[in-house]
Structure formats: structure tokens, C-alpha cells
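One structure below.
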Amino acid sequence: MTTYTIDVNGAARTVDVDEDMPLLWVLRDLLDLKGSKFGCGVGLCGACTVHLDGEAVRSCQMPIAAVGSAAVVTIEGIGESAVGKRVQAAWLEVDVPQCGYCQAGQIMQAAALLRKTPKPGNAEIDTAMTGNICRCGTYDRIRRAIQRAAGRR
Ligand code: FES
Ligand code: FES
């Protein structure tokens, strides 16, 4: 066991864990932040997506030891940023979710895209979102919500 202090949604959080424990486990099981979901556990579905210094990362594949001093933002904290707030509002307006399981990851991926590319075209959206799987097939509404958050619709 090692003691790690990480920055999560703007607060310093200290945990005692094995160095290879995935960040997703730390967030969900130790910090009670259950918005990030476990889907595949092998980096293939995007349900566990969080931000590390603004970049979208798969927290199921990120050992706690690799987080260091990077700022971790989860779905619970994304509404604190202007872009995150716009994405959340667009998601509600377009009524994107069906079962909802994938949606925290979708929102985190979309917010990371819009931070880098404020006015993405459909091809850029599809490329950025391709690793986020939705078994309910809400892809069209996801794309519309991203365009809306970008001010295009
Ligand atoms: S649970 Fe992390 S990518 Fe699927
Ligand atoms: S809304 Fe059900 S998996 Fe995406």
C-alpha cells in the first residue's frame, strides 16, 4: 500500500492503495464518485472516461501511481467549467440518454473535444467519439448535442 494525494474536481484527496489500482476503482470505491462507470475494464468502451489535465483518459486503464499532480475531473465536476456546463445543458435539451450507462463517459469525451476544437464538424465529432460505445445507439443525439454545445444548432 502507498499513500497518494490526488487532485479530484479541485479538492486534494488522499488514499492508501496499491500502486496499480486503476483510477476508476479509486474514484468509485474509495472516493464515492460513482458517476464514472465500469464497462469493459480494458479501455474499449469509454464508460469510465475522466479528464486528466483536460485530456480525456480511460480511468480503468490509468493506475493511480500514474496520476501524479494532474488535475482529475470527473462527471461530478465537469459542470464547473464553461464548456462542461454547455455540454450538460445541450445533453438535457437534446434528451440524449436512453439507459444512461455510457453517458457520463460520452459527456466527458465531448467536453474534451470541445475544449480543443470549439466548432467541430461531424467528421471531427465522429473521430473524437469513436471509442465511446453506446449500446442503446444514441449516436445521432450525441452528435446533435455536441453541435448544440458548440453553438451550431
Ligand atoms: S471501462 Fe474503461 S474503457 Fe471500458
Ligand atoms: S444510453 Fe444506454 S448505453 Fe448509451
Residues Asp126 and Ala82, FRET efficiency given R0 of 30 Å [Cβ-Cβ distance, rounded to 0.05]
0.80
Using the Kirkwood radius over Cα pairs of segment 1-66, the Stokes-Einstein translational diffusion coefficient at 37 °C and 0.692 mPa s, in µm²/s and rounded to a whole number, is 277
Tabulate in residue order the Karplus-calculated ³J(HN,Hα) for segment 15-20, using 6.51 cos²θ - 1.76 cosθ + 1.60 with θ = phi - 60°, rounded to whole Hz; enter x for Gly and Pro.
9, 10, 8, 5, 5, 9
Which value in Å does the Kirkwood hydrodynamic radius of the chain take, with 1/r averaged over all unlike C-alpha pairs and then inverted?
15.4
Separation in nanometres of the label points that stand 7 Å from Cα toward Cβ, at Ala65 and Ala89:
4.4
Positive dipole terminus of the chain, leading residue within Ala56, Cys102, Gln147 (C-beta point charges)
Gln147
Whole number please: convex hull volume per residue, Cα atoms of segment 72-147, in Å³.
85
Relative contact order for the chain using alpha-carbon pairs under 8 Å, separation at least 6, rounded to a whole percent?
23
Determine the relative contact order of segment 78-130: mean sequence separation of Cα pairs under 8 Å and six or more apart, normalised by residue count, in whole percent.
33
Fully extended, how many nm does the chain gain between Cys136 and Asp29 (0.36 nm per residue separation, minus their Cα-Cα distance)?
35.9 nm
Suppose all protein chains stay in the model; what accessible area per residue would a 1.4 Å probe give for the chain, in Å²?
50
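The values are calculated or read from the model by the stated rules, or taken from the named source; none is laboratory data. Here the structure is a predicted model, which is why all the values come from computation and not from measurement. As a convention, Cβ positions derive from the backbone with ideal geometry for all residues, glycine included, and neighbour counts pool all protein chains shown. For the accessible areas, the whole protein counts, side chains as well, though only heavy atoms, and no ligand, DNA or RNA atoms are used. Shrake-Rupley method; radii C 1.70, N 1.55, O 1.52, S 1.80 Å.
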